[in-house]
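The values are calculated or read from the model by the stated rules, or taken from the named source; none is laboratory data. Only a predicted model underlies this, so the values are computations on that prediction, with no experimental measurement involved. Because the Cβ atoms are built from the backbone with ideal geometry, glycine has one as well, and the counts that use them run over all protein chains shown.
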Amino acid sequence: MTLHWNQDEISDISYSFDLIVASDCTFFKDFHKGLAQIVKILLKKVGPCQAIFFSPKRGDSLDKFLEEIIENGLQISITEKYDAEIWKRHQSFINGDDSWPSYEKDHCYPLLVRITR
């Protein structure tokens, strides 16, 4: 099924997910409101549930998305160092590994964002 982020309700699947995993979908500020609303609609209302997003900061784009998440009554936590190997690669790029010459922390390194009720 096609999921449009600006839907108000998805009758068959609303409030039914324990876990949502997403990556690279917070860049465009025009879609933040709809994405935040759909996360809220999809996560279960009762019991443990969370959405896990991997996203770089991209200027203030991630911060603006997280503001929408909070406005929807959801909680967030952000983890920068979530995996030893990924952190090691990130550090090597920051310290001059030229195998990714255009690497910038703000635009390239994905933070781990947990969104919960």
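General observations
- The number of residues in the stretch 81-90 being in contact with a Phe, Trp or Tyr (Cβ under 8 Å, 6 or more places away or on another chain) and in a loop (DSSP other than H, G, I, E, B) comes to 1.
- Just one of (1) closer than 26 Å to Asp12 by Cα; (2) surrounded by 14 or more Cβ atoms within 10 Å (Cβ to Cβ); (3) among the aliphatic types (A, V, I, L, M) fails for Leu66. It is (1).
- Residues satisfying the stated conditions in the stretch 6-30, i.e. touching a residue at least 40 places away in the same chain (Cβ under 8 Å) and farther than 22 Å from Pro48 by Cβ: Asp24
- Every residue from the stretch 49-72 that is without any contact (Cβ under 8 Å) to a residue 40 or more places away in the chain and outside any helix (DSSP H, G or I): Asp60, Asn72
- Residue tally, condition touching a Lys or Arg at 6+ places or on another chain (Cβ under 7 Å) and surrounded by 13 or more Cβ atoms within 10 Å (Cβ to Cβ), over the stretch 77-93: 1
- Test result for Ile52, closer than 26 Å to Thr2 by Cα and buried (at least 18 other Cβ atoms within 10 Å of the Cβ): no
- All of (1) part of a loop (DSSP other than H, G, I, E, B); (2) in contact with a helix residue (DSSP H, G or I) (Cβ under 8 Å, 6 or more places away or on another chain); (3) not acidic (Asp, Glu) hold for Phe93 with one exception: (1).
- Single unsatisfied condition, Asp24 versus (1) modelled with pLDDT under 95; (2) within 13 Å of the chain's Cα centre (by Cα); (3) surrounded by 17 or more Cβ atoms within 10 Å (Cβ to Cβ): (3)
- Count - residues of the stretch 27-48 that are exposed (fewer than 14 other Cβ atoms within 10 Å of the Cβ) and outside any loop (DSSP other than H, G, I, E, B): 1
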